[in-house]
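Each remark here refers to the structure printed beneath this line.
The values are calculated or read from the model by the stated rules, or taken from the named source; none is laboratory data. Quick caveat, the model's predicted, so the values are computed rather than measured. Using ideal geometry, Cβ is built from the backbone for each residue, glycine included, and neighbour counts are taken over all protein chains shown. Only protein heavy atoms, including side chains, enter the accessible area calculation; ligands, DNA and RNA are left aside. Shrake-Rupley method; radii C 1.70, N 1.55, O 1.52, S 1.80 Å.
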Amino acid sequence: MKIGLIGLNQTGKTTLFNLLTGRTDAAASGGKSAANIGTGAVPDERVDFLASIYKPKKTTYAKLDIIDVAGFSVSTDGHSSGAAVFLNDVRPCDALVHVLRAFDSPSFAHEMGEINPARDLEAVESEMLMADLEMIEKRIGRIKTGKKITKENEFELALLERSFKWLDEGGSILNMDMTDEERLAVKSFTFLTEKPRIAVANLDESQWESKSYPNRDGLKAMCERLGVPLIELCVETELEITRLPEEDKQMFMEEMAIEQPGIAILANAVYDHLGLMSFLTSGEDECRAWTLSKGTIAKHAAGKIHSDIERGFIRAEVVKYDSIKELGSMAKVKEKGLFRLEGKEYIVQDGDIISFRFNV
């Protein structure tokens, strides 16, 4: 799962990147096109519990690959500076995260004047739309100036022209009415507005405690209208807490009423918005969480581990996490008969602990 952090200058994107990845060396790009790239492990108490039982050689959490692209400027007249160039770096991502500045700072004023995260979200959404329109125009031009227009080109051209009209009227490719064939074709274009988005309001400590910041209601309303989940994080403070000695972290988390680390909150939002979940495997060699789409059948879930397991699939031995959590061991679960043998069409559920039987 690859997510891209996008936003205006000085929103705290790179601070969030450092928090999510545990990096200490990533620095704000300062208008340069080079992106920060890293990986964040998604905390999962289910994996922790299984690891406490099996004491495995290796414990592997689900991961988010994270790209932090350079911020860009949008002046008060709505003119951007280099947004399309920076946004191109996140076209390969599965989802985009708008990092929005809710905090104020005497050290650096917001370049658009007052703090207004709803306005900033609208500005970045507009830049994404303009970048997509620019890409469509170039692709249409290449097709029309080509030596020969094939049947595939005709299909693509019609789809691009319809997409251009939809975007030009203020629509989003994600919400455009398409056939399955058209939706599959659109994936190859890597439209920014086709990607699911999540908004992160970056708060300071006082705002976190009061749950109040400029135009919060306006931001909530805009996110609801756009179909963008909104989460609120106190990024700078949480990053400082992660750098404390282990024995102090929990105390400060409790003092700040931070119930979950930022990466867990963001990962949950990403999983919910994209219809994802995790199944688990356990044993003395490794305890691991595997990410897959909701509705995936057992045979295809086996392929997440290895193609040979999918090809030679026989049965899936399934145990519910709640059963092993309650009884404390797999042996007791089996004594009580709380496991099932499922066939290849079984729809995997979030938190299933699965052992695959296969023969190649």
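Evaluate E = 1/(1 + (r/R0)^6) for residue 268 and residue 327, where r is the Cβ-Cβ distance and R0 equals 35 Å; express this FRET efficiency to the nearest 0.05. Before the final figure, lay out each step's value.
Details: r = 27 Å, r/R0 = 0.76.
Taking R0 as 35 Å, the efficiency between residue 268 and residue 327 is 0.85.
Report the net charge of residues surrounding residue 154, where surrounding means a beta-carbon distance below 15 angstrom and charges are Lys +1, Arg +1, Asp -1, Glu -1.
Details: positive: 139, 142, 144, 147, 148, 151, 162; negative: 152, 156, 161, 181, 182.
My count for the surroundings of residue 154 gives +2.
Pick out, from 200, 228, 188, the residue whose Cα sits farthest towards the positive end of the charge dipole of region 177-248, with +1 on the Cβ of Lys and Arg and -1 on the Cβ of Asp and Glu.
The listed residue farthest towards the positive side: 188.
Going down the list 2/211; 144/165; 57/325, which pairs span over 27 Å between their C-alpha atoms?
Numbers: 2/211 29 Å; 144/165 17 Å; 57/325 21 Å.
Beyond 27 Å between Cα atoms: 2/211.
Averaging over all projection directions, find the projected area of the Cα convex hull of the chain and quote it in nm² with one decimal place.
On the way: hull surface 89.1 nm².
For the chain, averaging the hull's shadow over all directions gives 22.3 nm².
Can you work out the accessible area per residue across the chain, with the rest of the protein chains kept in place, probe 1.4 Å, in square angstrom? Let's see the in-between values first.
Values: 18140 Å² over 360 residues.
For the chain, the solvent-accessible area averages 50 Å² per residue.
May I ask for the net charge around residue 244, where only other residues with Cβ less than 12 Å from the Cβ of residue 244 are counted and Lys, Arg are +1 while Asp, Glu are -1?
Numbers: positive: 243, 249; negative: 238, 240, 246, 247, 248, 255.
Here the charged neighbours net out to -4.
Report the full-extension gain for the segment residue 60 to residue 246: residue separation times 0.36 nm, less the Cα-Cα distance, to one decimal in nm.
Numbers: separation 186, 0.36 × 186 = 66.96 nm, distance 2.07 nm.
Extra length from residue 60 to residue 246 when fully extended: 64.9 nm.
Taking the Cα centre of the chain as origin, work out the dipole magnitude from +1 charges on Lys and Arg Cβ and -1 charges on Asp and Glu Cβ, in debye rounded to 20. Mind dumping the intermediate values first?
On the way: 45 positive and 59 negative charges, 357 e Å.
For this selection, approximately 1720 debye.
Scanning the chain for GluC sites (Glu not before Pro) in DSSP loops with at most 15 other Cβ atoms within 10 Å, what's the longest stretch left with none? All intermediate terms of the calculation are to be shown ahead of the outcome.
Numbers: sites that count: 111, 114, 169, 259, 284, 345.
It runs 1-110.
First compute the accessible area of region 232-350 with a 1.4 Å probe, then give the percent of it belonging to carbon and sulfur atoms. Numbers along the way, then the final one.
On the way: 2990 of 6370 Å².
Whole-percent figure for carbon plus sulfur exposure: 47.
What nm distance separates the two modelled labels at residue 210 and residue 147, each placed 7 Å from Cα along Cα→Cβ?
It works out to 6.8 nm between the two label points.
Provide the net charge surrounding residue 140, with neighbours chosen by a C-beta distance below 15 Å and charges set as Lys +1, Arg +1, Asp -1, Glu -1.
On the way: positive: 138, 139, 142, 144, 162, 165; negative: 132, 134, 137, 152, 154, 156, 161, 168.
Local charge sum for residue 140: -2.
Per residue of region 130-135, what does 6.51 cos²θ - 1.76 cosθ + 1.60 with θ = phi - 60° give for ³J(HN,Hα)? Whole Hz please, x for Gly and Pro, Karplus curve as stated.
Using θ = phi - 60°, the values come out as 5, 5, 5, 4, 5, 5 Hz.
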